Amino acid sequence: MSKFSLQVFCEFDPHYSIVIKDDGRVAYAYLYEGEDIIGDVWLYNQQEAPAISFWREEDMPFLNPKEYLLKDASIKPITNDSDIRCEWTESLNDGLIEVGISICDKFIACISSGSKPGWSVFVVKDGPLAYVY
């Protein structure tokens, strides 16, 4: 199982960044404003998805259980910086920052200010780790 970590700064406001972490079990993206996490989303499991999850603190970061996932959803784990592409947008009305995350040229997830969790194309049911995109 491969591990990966990367921080990508917003191209028009470097006060915002996204941190992508894959610990070899599961991958998440975290949206930062300065040093504060203001959004997060599950990206993918490297280990097999559990049938159910008890959401125990010692299991963090959590694998997304099968009941929330698309049946045939899979993606190759991130291995280098060039696998990631982030598309940043800002709402002119309320200053809301949003970032779309693509892995290996495939759109995977979206996070915005205050979204805990964000949205994923790999889920079929809203859950605590990701909402349906």
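The values are calculated or read from the model by the stated rules, or taken from the named source; none is laboratory data. Being a predicted model, the structure only gives us computed values, none of them experimental. In this analysis, Cβ positions are derived from the backbone assuming ideal geometry, glycine residues included, and neighbour counts consider all displayed protein chains.
Among (1) at pLDDT 95 or above; (2) small (Gly, Ala, Ser); (3) surrounded by 15 or more Cβ atoms within 10 Å (Cβ to Cβ), where does Ser113 come up short?
Only one criterion is unmet by Ser113, namely (1).
For the subset of segment 1-36 comprising residues that are touching a residue at least 40 places away in the same chain (Cβ under 8 Å) and among the aliphatic types (A, V, I, L, M), which member is farthest from Val132 (Cα to Cα)?
So the residue we want is Met1.
Taking the stated definitions as given, is Ser82 modelled with pLDDT of 95 or more and either over 20 Å from Lys106 (Cβ atoms) or in contact with a Cys (Cβ under 8 Å, 6 or more places away or on another chain) (or both)?
no
Run down Ile75, Ile101 and say which single residue is part of a loop (DSSP other than H, G, I, E, B), of a type in the set (Val, Ile, Thr), in contact with a strand residue (DSSP E or B) (Cβ under 8 Å, 6 or more places away or on another chain) and touching a residue at least 12 places away in the same chain (Cβ under 8 Å).
Residue meeting the stated conditions: Ile75.
What residue, of Ile20, Ile78, is within 16 Å of Trp119 (Cα to Cα) and hydrophobic (A, V, I, L, M, F, W, C)?
After applying the criteria, what remains is Ile20.
What about Glu87, is it assigned to a strand (DSSP E or B), surrounded by fewer than 18 Cβ atoms within 10 Å (Cβ to Cβ) and touching a residue at least 12 places away in the same chain (Cβ under 8 Å)?
Working: assigned to a strand (DSSP E or B): yes; surrounded by fewer than 18 Cβ atoms within 10 Å (Cβ to Cβ): yes; touching a residue at least 12 places away in the same chain (Cβ under 8 Å): yes.
So Glu87 fits the description; yes.
I'd like to verify a number: residues in segment 49-72 that are in a loop (DSSP other than H, G, I, E, B) and either free of Cβ contacts under 8 Å to residues at least 60 places away in the same chain or crowded, with 16+ Cβ neighbours inside 10 Å (or both), how many?
The qualifying residues number 16.
Take segment 1-48 and flag every residue that is touching an Asp or Glu at 6+ places or on another chain (Cβ under 9 Å) and outside any strand (DSSP E or B).
Answer for segment 1-48, where residues must be touching an Asp or Glu at 6+ places or on another chain (Cβ under 9 Å) and outside any strand (DSSP E or B): Met1, Ser2, Lys3, Cys10, Phe12, Asp13, His15, Gln46.
Does Ser82 meet the test of being out of contact with any strand residue (DSSP E or B) (no Cβ under 9 Å at 6 or more places or on another chain), on the phi < 0 side of the Ramachandran plot and of a type in the set (Ser, Thr, Tyr)?
Yes.
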